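One structure below.
None of the figures in this text is laboratory data; all of them are computed from the coordinates on show. Note that the coordinates shown come from a computational prediction; the quantities given were computed from them, not determined experimentally. Note: ideal-geometry Cβ built from the backbone for every residue, glycine included; neighbour counts use all protein chains shown.
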């Protein structure tokens with residue numbers, strides 16, 4: 001029986017693969033400078049960052065690993081200037097995603113897929129200011145990015161677009177999960193069943 005406790009090797013894996021995730025996240029994050037691309041950003045993150053998460057889960061298969069990753073990513077967002085209340089989305093998404101994967105013992109594909117899709121919703125915490133402190137946030141953005149950028153962002157991110165952002169995120173994450181599954185089966189035999 002596999003040890004259920006997270007050990008030093010697991011923490012090292014968490015650090016390595018979360019660092020890789022953050023690098024990919026930052027590269028994809030450059031999309032945000034173009035307002036229309038910011039709209040597909042949650043899906044692009046889910047797609048581009050799937051492989052490090054699936055390798056991490058494949059190497060550890062323990063509850064808490066994905067949750068710790070979500071905590072690190074949330075702290076990263078806070079340190080880089082995102083509002084604190086994004087935590088209200090980011091942390092639950094990570095913990096629930098981890099729990100869903102655990103229900104399938106980190107081996108059942110449907111649990112891995114759905115758990116990763118839920119985990120990927122963490123990134124929507126960064127969009128929370130667009131909807132919850134809209135006017136103040138856009139005033140701050142205007143100082144750094146200019147009026148044209150803020151006008152474009154505010155027209156794209158209306159309250160009606162919240163379900164669309166969630167859908168874009170889930171679709172991107174699902175595609176990333178399927179691609180990762182194929183790569184893991186081809187290159188890392190027996191890691192993902």
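Key figures for this structure:
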read-out	value
Kirkwood Rh and Cα Rg combined as Rg/Rh, the stretch 103-193	1.17
Computed over the stretch 29-138, the ratio Rg/Rh where both radii use C-alpha atoms and Rh is Kirkwood	1.00
Crossing angle, helix 109-120 versus the chain [Cα axis fit, 0-90 degrees, rounded to tens]	30
Pairwise centroid distance, computed over Cα atoms, of the stretch 58-121 with the stretch 161-180, Å	15
Helix-only CD estimate at 222 nm, as mean residue ellipticity for the chain, using -39500 (n - 2.57) per DSSP H run (n ≥ 4)	-24000 deg cm²/dmol
On Cα atoms only, tilt of 87-103 relative to the major axis of the chain in degrees	20
Value of relative contact order over the chain, rounded to a whole percent, pairs C-alpha under 8 Å and six or more apart	28
Pairwise FRET efficiency - residue 36 versus residue 16, Cβ, R0 = 41 Å, nearest 0.05	0.75
Extended-chain gain in nm, criterion 0.36 nm per residue less alpha-carbon gap, residue 167 and residue 9	53.4 nm
Order by protection proxy (mean Cβ within 10 Å, highest first), peptides 29-42, 89-102	89-102, 29-42
Acute angle (nearest 10 degrees) that the helix 65-79 long axis makes with the longest principal axis of the chain, alpha-carbon atoms	20
